[in-house]
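The values are calculated or read from the model by the stated rules, or taken from the named source; none is laboratory data. Just so we're clear, the structure is a prediction, and the values are computed from it rather than from any experiment. Cβ placement follows ideal geometry from the backbone for every residue including glycine, while neighbour counts extend to all protein chains displayed.
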Amino acid sequence: MAPGDLDYVLDLAGRLYPNHPESRSSFEAKLRAAPDACFVAETDGVPVGYCVALWATCGRPPKLDEASYTAKAPVGLHLHDIALEPSARGQGAVAAGLVRLARLAGSSTLSLVAVEGTQALWRRHGFVEAAVDEAVRTTYGQHAVYMVLAR
């Protein structure tokens, strides 16, 4: 992902996650924080999705629209957002993205916050519920669930 991709990222995020809006400055900060963990998925050179991940304190994921990050030990890779165009779903892009992130995380924790009832999807990809700073629910919603990849 490059700064020039952010118009597409903001557009797709706005269409798929209208209840969880984020600013350009938030996405810019995440891209600066972990450029190797942010990428755009393409089909025939056309963007069909994106992944935004960053290094964060385990059990204390960044707030939804936060524009600065300072991870403190223990640090893990946090999958902040993964989004696919409806036409690109079911083709293995999420699994491929997770493989890429797991390699990048190495022996560190790979985490995410499941929103809008997506826990079952993430369980199918090997994630399990984990303890989290309860403040996370103030930004992601009362039904948000913090999950880590079981290894």
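Listed conditions (1) in contact with a Cys (Cβ under 7 Å, 6 or more places away or on another chain); (2) more than 14 Å from residue 2 (Cα to Cα); (3) among the basic types (Lys, Arg) are all met by residue 30, apart from (2). State whether one or more residues within the range 128-142 are within 19 Å of residue 38 (Cβ to Cβ), of a type in the set (Val, Ile, Thr) and either surrounded by 13 or more Cβ atoms within 10 Å (Cβ to Cβ) or more than 14 Å from the chain's Cα centre (by Cα) (or both). Looking for residues that are within 19 Å of residue 38 (Cβ to Cβ), of a type in the set (Val, Ile, Thr) and either surrounded by 13 or more Cβ atoms within 10 Å (Cβ to Cβ) or more than 14 Å from the chain's Cα centre (by Cα) (or both), one finds none in the range 128-142, hence no. Checked against the criteria, residue 52 counts as modelled with pLDDT of 95 or more and of a type outside the set (Phe, Trp, Tyr). Sub-6 Å Cβ pairs linking a first residue in the range 129-151 that is in contact (Cβ under 8 Å) with a residue 24 or more places away in the chain and over 14 Å from residue 19 (Cα atoms) to a second residue that is surrounded by fewer than 15 Cβ atoms within 10 Å (Cβ to Cβ) and among the β-branched types (Val, Ile, Thr), at least 6 apart or interchain, are 150/128, ordered by first then second residue. Any idea which of (1) within 27 Å of residue 131 (Cα to Cα); (2) without any contact (Cβ under 8 Å) to a residue 60 or more places away in the chain is the one residue 46 doesn't satisfy? Here residue 46 clears every test but (1).
For (1) within 15 Å of the chain's Cα centre (by Cα); (2) crowded, with 17+ Cβ neighbours inside 10 Å; (3) within 19 Å of residue 104 (Cα to Cα), each residue gets a yes or a no:
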| site | (1), (2), (3) |
| --- | --- |
| 38 | yes, yes, yes |
| 46 | no, no, no |
| 51 | yes, yes, yes |
| 54 | yes, yes, yes |
| 58 | yes, yes, yes |
| 68 | no, no, no |
| 75 | no, no, yes |
